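The values are calculated or read from the model by the stated rules, or taken from the named source; none is laboratory data. Keep in mind it's a predicted model, so treat the numbers as computed, not measured. Note that we place each Cβ from the backbone using ideal geometry, even for glycine, and neighbour counts take in every protein chain shown. Note: areas computed on protein heavy atoms with side chains; ligands, DNA, RNA excluded. Shrake-Rupley method; radii C 1.70, N 1.55, O 1.52, S 1.80 Å.
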Amino acid sequence: MKAQDLKIKEYCRISNNRVLLNAQLLFEDLGGDFTTFIKMAYKKMDTNYPKFFKMDDLSKLGFLASDILLKPITQDSEKPKNIALVFSNSASSLKTDRKHQESIVDKENYFPSPAVFVYTLPNICLGEISIKHRLYSENSFFIFNHFNAGYLHDYASSLIKTEKADEVLCGWINCDVEDYEAFLYLVSTEGSIAHNKEEIIKLYTTK
Amino acid sequence: MNKTYLSYNNIVSSIGFDSPTVVKNIHEGLSGITLIEDENLFPNPFYASVIDSDYLEKAFEKLHPNGDYTRLEKMMILSLDKIIKASGVELTDRVGLILSTTKGNIDTLDPRSPMPTERAYLGTLGHIVKNYFGFTTEPIVLSNACVSGILAISIAKRFICQGTFDQVFIVGGDIVSNFILSGFNSFQAMSSQPCKPYCKQRSGINIGEVAASVLVNKDQNNLVPEAVEVLGEASCNDANHISGPSRTGEGLYRSILSAFKEANVGPQDIDYISAHGTATNFNDEMESIALNRLGLGTVPLNSLKGYFGHTLGASGLLETIVGMHSLYHNTLYTSKGFTELGVSQPLNIITAPTVKNLNYFLKTASGFGGCNTAAVFKKVQS
Amino acid sequence: MSDLKQELKEKIITQLNLEDIAIDEIADNDSLFGDGLGLDSIDALELIVMLDKDYGIKLTDPKEGKKIFESIEVMANYIAQHRTK
């Protein structure tokens, strides 16, 4: 498999209270806060996965964006798919880290929560997606100050070229103090968009 | 495909500030785990492996740094400084930098920290290390729970094979913080004694801190005597639970199988296993199941957690470096804390330093999020 | 006692984020783990924190929790006997 033959099969964006699959708007709710918005999006997408409500914001965001791309591929499949997950962001799990830190500041009221602490690792989101879609594949979570199309491109290409994965779900999911953004794309041998740095940047910056 | 090698390496830890000293102390059975009474870290006394702060300050001052650095930054810079200088590698756009950490400067979130909370961003940590040494490429920070340290080696290898870099410096580090201690305690995972991996009396983990670093090279010219070739590696998720390991060891089993396939080796080729061995009930039991599914129950095995505690994002890298020295010295080191087998499947735990001809070793790790990694390394000079 | 049971049901739903379950759907003798409410090991740890925080009961052995968290009935009895706040 030559790296230049790889394609971007589909992409999904969740930001500014809108959910888009490729260029198509699936859902929007411009008024609400993140908590309300993501819950409504979950219902609209017919996700039906009660554990969703136990997740932290980063996992909810990554899980929902992934589910839109992966559900058609994995739900009717008897055999587990070898789709690697390569995610990145700038804030790691800091939104939940701050919550855990708050629970241990006051010595008189020192009750750290295991259900919060478990989400103080960004790759937990990858675990949630792997469980739902039965992916026994590779997971990596990178942190960059800014979206880094070059590294994501090289890494996804290498995974497919060396047969570590058949397809790679790649991208950026970030949750910080007042901001969130998910942009995921599926790298495959099929599809109509070329898999190169320029196309990835173009898709990422078209909002 | 290019071959990749692990070459120059360094360990900054509670039992030494360079790899040879650390390995010598392991040979002599010295552990860095002590009872610590520090209410700023944890309300009750706890066992952990912590670097002496004065010693760290003194060593760091010798570098004549400009500006303020956090504890972890000092550890990472000290660790990398030695191998960058010793290797003589020029930091061009062909040289990458990977940081492997779970929590980075998480202590700066504590209101008592003198450093700004912005320092807790892992990208900031990456740039501080980058700028200190003058790397010219964008740092890659990997935060993938407790497999980060070995996964970082896989990632370096792949970027080299893909042609992104010719050489990659990896530094892995995490610190003992009130954040981590309180969290693992809420999971009832902390041991009230020095940890005892695979032992019947094991009762959980100790947390530790180190900064370990290694140069990953595609070039066979710039190798140290203890250098190893990265023969094969893989990472597989359990797809089972976000905190508990799979009861059948599915992800670890698949990781090892896939690493063996790439390395073109079988169980009979492996001379030594450097396992994860956190000393929790579930982890150690899971490993015994996965290893026995692969016919690896008789291969000499240790966990190094009894010397360093669980050093989180650094542990896989740290333990790989000790494995390199183990091969070089043709010596198996004791799995500290072990007395009596306490897992359901047989394992060949190393109970005394043993001289043996060693050529291949397997390194494994597993972590939260259901992640597992395995890598097979081969001695270069045999 | 029935007040305590009601209180526990409310707490379990909100603290364990059981979004789709209503209070009257949990019977006093339903098992909370496994086939019942489907709680898992993290939920069990979370309930241990809840016992400590809200009722002043400290459990150090997670295995002990397994018995106490069998059902709302068993939990309420245990809390009534051991609570310090």
Whole-Hz ³J(HN,Hα) for each residue in segment B:299-307, computed from phi via Karplus 6.51 cos²θ - 1.76 cosθ + 1.60 with θ = phi - 60°, x for glycine and proline: what do you get? 6, x, 9, 9, 10, 9, 5, x, 9
Here the relative contact order (percent) of chain B, from C-alpha pairs under 8 Å and at least 6 apart, is 24
Segment A:92-124: which residues show an accessible-area loss of 50 Å² or more, assembly versus chain alone, 1.4 Å probe? A:94, A:101, A:107, A:110, A:111, A:114, A:117, A:118, A:121, A:123
Compute the helix-to-body angle for A:149-161: its Cα long axis versus the longest principal axis of chain A, expressed 0 to 90° and rounded to tens. 60
Taking amide H atoms as placed 1.01 Å from N in the peptide plane, list the residues 5 or more away in sequence, or in a different chain, whose amide H sits under 5 Å from that of residue A:10. A:186
Kindly report, to the nearest 10 Å², the accessible surface of residue B:328 as traced by a 1.4 Å probe over protein heavy atoms only. 100
Virtual spin-label span in nm between residue B:52 and residue A:28, 7 Å along Cα→Cβ: 6.4
Does segment B:171-311 come out rounded, prolate or oblate by the C-alpha gyration tensor, with a ≥ b ≥ c the root eigenvalues, rounded set by a/c under 1.5 and, if not, prolate when a/b is larger than b/c and oblate if not? oblate
Globularity index of segment B:5-217, i.e. its alpha-carbon radius of gyration over 2.2 N^0.38 Å: 1.03
Per-residue ellipticity at 222 nm attributable to helices in chain B (runs of n ≥ 4 DSSP H, -39500 (n - 2.57) apiece, nearest 500 deg cm²/dmol) works out to -9000 deg cm²/dmol
Counting alpha carbon pairs within less than 8 Å and at least 6 residues apart, what relative contact order, in whole percent, applies to segment B:228-379? 38
Check each residue of segment B:213-242 and keep those whose accessible area, probe 1.4 Å, is at least 40 Å² smaller with all protein chains in place than in the chain alone; give them in order of residue number. B:235, B:237, B:239, B:241, B:242
What is segment B:282-377 by shape, rounded, prolate or oblate, if you read a ≥ b ≥ c off the alpha carbon gyration tensor as root eigenvalues and call it rounded for a/c under 1.5, prolate for a/b larger than b/c, and oblate otherwise? rounded
Qualifying GluC sites (Glu not before Pro) in segment B:284-380, DSSP loop, other Cβ atoms within 10 Å at most 14: B:340
Charge dipole (debye, nearest 20) of the protein assembly as shown; +1 at Cβ of Lys and Arg, -1 at Cβ of Asp and Glu: 1520
Given a 1.4 Å probe and the protein chains all in place, what does the accessible area of residue A:203 round to, in Å² to the nearest 10? 20
Write out the GluC sites (Glu not before Pro) in segment A:168-207 meeting two conditions: DSSP loop, and at most 15 other Cβ atoms within 10 Å of their Cβ. A:178, A:190
Note to self, chain A gives a 222 nm [θ] from helices alone (DSSP H runs n ≥ 4, -39500 (n - 2.57) apiece, / all residues, nearest 500) of -11500 deg cm²/dmol
Quick one: Karplus J couplings for segment A:27-40, per residue in order, coefficients 6.51, -1.76, 1.60, θ = phi - 60°, nearest Hz, x for Gly and Pro? 6, 8, 8, 6, x, x, 7, 4, 4, 5, 4, 5, 5, 5
Output the relative contact order of segment B:5-217, whole-number percent, from Cα pairs under 8 angstrom with separation of 6+ residues. 30
If each K or R counts +1 and each D or E counts -1, the residues other than residue A:118 whose Cβ falls under 15 Å of its Cβ total -2
J(HN,Hα) series, segment B:113-130, from Karplus relation 6.51 cos²θ - 1.76 cosθ + 1.60, nearest Hz, glycine and proline x: 6, x, 8, x, 5, 4, 5, 6, 5, 5, x, 5, 4, x, 6, 5, 5, 4
Dipole size in debye (nearest 20) for chain C around its Cα centre, Lys and Arg Cβ +1, Asp and Glu Cβ -1? 560
Please name which of B:161, B:147, B:76 has its Cα lying farthest along the dipole of segment B:5-217 towards the positive end, using unit charges on Cβ (Lys, Arg +1; Asp, Glu -1) and the Cα centre as origin. B:161
Identify the residues of segment A:167-188 with backbone N under 19 Å of a label point that sits 7 angstrom from the Cα of residue A:81 along the Cα-to-Cβ direction, or state none. A:167-173, A:183-188
Which FRET efficiency value, to the nearest 0.05, do you get for residue A:194 and residue B:136 by plugging their Cβ-Cβ distance into 1/(1 + (r/R0)^6) with R0 = 25 Å? 0.30
Here, residue B:40 and residue A:49, labelled 7 Å along Cα→Cβ, have an inter-label distance in nm of 4.2
With r defined as the distance between the Cβ atoms of residue A:16 and residue A:40 and R0 fixed at 22 Å, what FRET efficiency is calculated, to the nearest 0.05? 0.95
5 angstrom amide H check on residue B:310, placed H, neighbours 5+ away: B:206, B:207, B:208
Just to verify a number: FRET efficiency for residue C:81 and residue A:111, C-beta to C-beta distance, R0 = 25 Å, to 0.05? 0.65
Cα shape, chain A, gyration tensor, a/c 1.5 rule: prolate
Accessible area per residue for the protein assembly as shown in Å², computed with a 1.4 Å probe and the full protein assembly in place, what is it? 37
Do the sum for chain C: with -39,500 (n - 2.57) for every DSSP H run of n ≥ 4, divided by all residues, what is the mean residue ellipticity at 222 nm, to the nearest 500 deg cm²/dmol? -17000 deg cm²/dmol
If you line up the Cα atoms of segment C:2-82 on their principal axes, what length do they span on each, largest first, in Å? 31, 26, 19
